[in-house]
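Colleague: Have a look at the structure that comes next, please.
The values are calculated or read from the model by the stated rules, or taken from the named source; none is laboratory data. Bear in mind that the values here come from a model prediction, so they are computed numbers and not experimental data. Heads up, the Cβs are rebuilt from the backbone with ideal geometry, glycines too, and the neighbour counts pull from every protein chain shown.
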Amino acid sequence: MRHIQVTIPTGKRETILELLDEEGIDYVVTDESSSREYDAVVSFPLPKNAVEPIRDSLQKVGLDEESYTVVADAETVASRQFDELQEEYATESVEEEQISHQELVTQAEELTPTFSVFFTMTLISAVVATVGLLLDSPAVVVGSMVIAPLIGPALSASIGTVVNDRDVFLTGMRYQFTGVAGGIIAAAIVA
């Protein structure tokens with residue numbers, strides 16, 4: 001389950017709260033006191049599968065893309081209304097479970113190291129793999145695969161494609177291409 005906090009733009013408070021009431025979602029509203037163009041902050045728990053549909057509904061009634069949204073894991077929710085909401089969004093199997101686009105992008109970003117760390121680890125991995133091949137040692141070659149931080153950029157490129165986020169896609173592709181080029185150059189120097 002997830003705990004959601006969303007800033008409500010000025011003039012959209014009643015519309016957004018009506019939607020949450022219609023959906024049967026328990027929420028807490030706090031007045032927003034900074035000098036920005038937001039009226040309030042609303043917090044509410046949701047089942048994991050409900051995050052994307054509810055967020056889409058909120059955007060349809062006036063929540064803009066610039067609204068500050070936090071999605072966090074929630075351990076426990078004690079509410080009869082939440083139990084009913086959880087039953088409504090319950091899935092029959094693991095294949096039906098959903099995750100929001102924002103959570104996917106966040107996971108990809110967390111798996112992608114900084115560029116300097118990525119490039120350094122890729123070069124070290126290429127050198128170790130080359131030495132393993134020259135020594136005819138499969139264990140060393142396999143060990144080089146463990147060193148290489150290649151899953152993050154590959155996932156970033158894939159997730160960027162799926163959620164249509166050009167920046168995430170291009171970052172993943174840039175990491176991959178520079179990693180391959182750097183690996184080839186490092187291997188050629190060592191060999």
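Colleague: Sort out which residues of the stretch 86-142 are among the small types (Gly, Ala, Ser), at pLDDT below 90 and in a helix (DSSP H, G or I), and write them in order of number.
Modeller: Ala108
Colleague: Search the stretch 37-67 for residues being charged (D, E, K, R) and either part of a helix (DSSP H, G or I) or without any contact (Cβ under 8 Å) to a residue 12 or more places away in the chain (or both), and hand back the single one that is surrounded by the fewest Cβ atoms within 10 Å (Cβ to Cβ). Please lay out each step first, then the result.
Modeller: Taking the stretch 37-67 first, the residues charged (D, E, K, R) are 37, 39, 48, 52, 55-56, 60, 64-66.
Subset that is either part of a helix (DSSP H, G or I) or without any contact (Cβ under 8 Å) to a residue 12 or more places away in the chain (or both): 48, 52, 55-56, 60, 65-66.
Details: Lys48: 19, Glu52: 16, Arg55: 19, Asp56: 12, Lys60: 10, Glu65: 6, Glu66: 11.
Applying the filter and picking the extreme gives Glu65.
Colleague: More than 16 Å from Gln102 (Cβ to Cβ), at pLDDT 80 or above, outside any loop (DSSP other than H, G, I, E, B) and not polar (S, T, N, Q), is that true of Asp21?
Modeller: So Asp21 passes the test.
Colleague: Considering only residues of the stretch 128-141 that are surrounded by fewer than 16 Cβ atoms within 10 Å (Cβ to Cβ) and not hydrophobic (A, V, I, L, M, F, W, C), which is nearest to the chain's Cα centre (by Cα)?
Modeller: Pro138
Colleague: Continuing with this model, one more query. Among Ser125, Ser156, Ser144, which is under 30 Å from His3 (Cβ atoms), buried (at least 17 other Cβ atoms within 10 Å of the Cβ) and in contact with a helix residue (DSSP H, G or I) (Cβ under 8 Å, 6 or more places away or on another chain)?
Modeller: The conditions single out Ser156.
Colleague: If the Cβ limit is 7 Å and pairs must be 6+ apart or interchain, which residue in the stretch 168-181 that is within 16 Å of Ala148 (Cα to Cα) and touching a residue at least 24 places away in the same chain (Cβ under 8 Å) pairs with which residue that is among the small types (Gly, Ala, Ser) and surrounded by fewer than 18 Cβ atoms within 10 Å (Cβ to Cβ)?
Modeller: Once the first residue is within 16 Å of Ala148 (Cα to Cα) and touching a residue at least 24 places away in the same chain (Cβ under 8 Å) and sits in the stretch 168-181, its partners that are among the small types (Gly, Ala, Ser) and surrounded by fewer than 18 Cβ atoms within 10 Å (Cβ to Cβ) give Gly172/Ala154; Gln176/Ala154.
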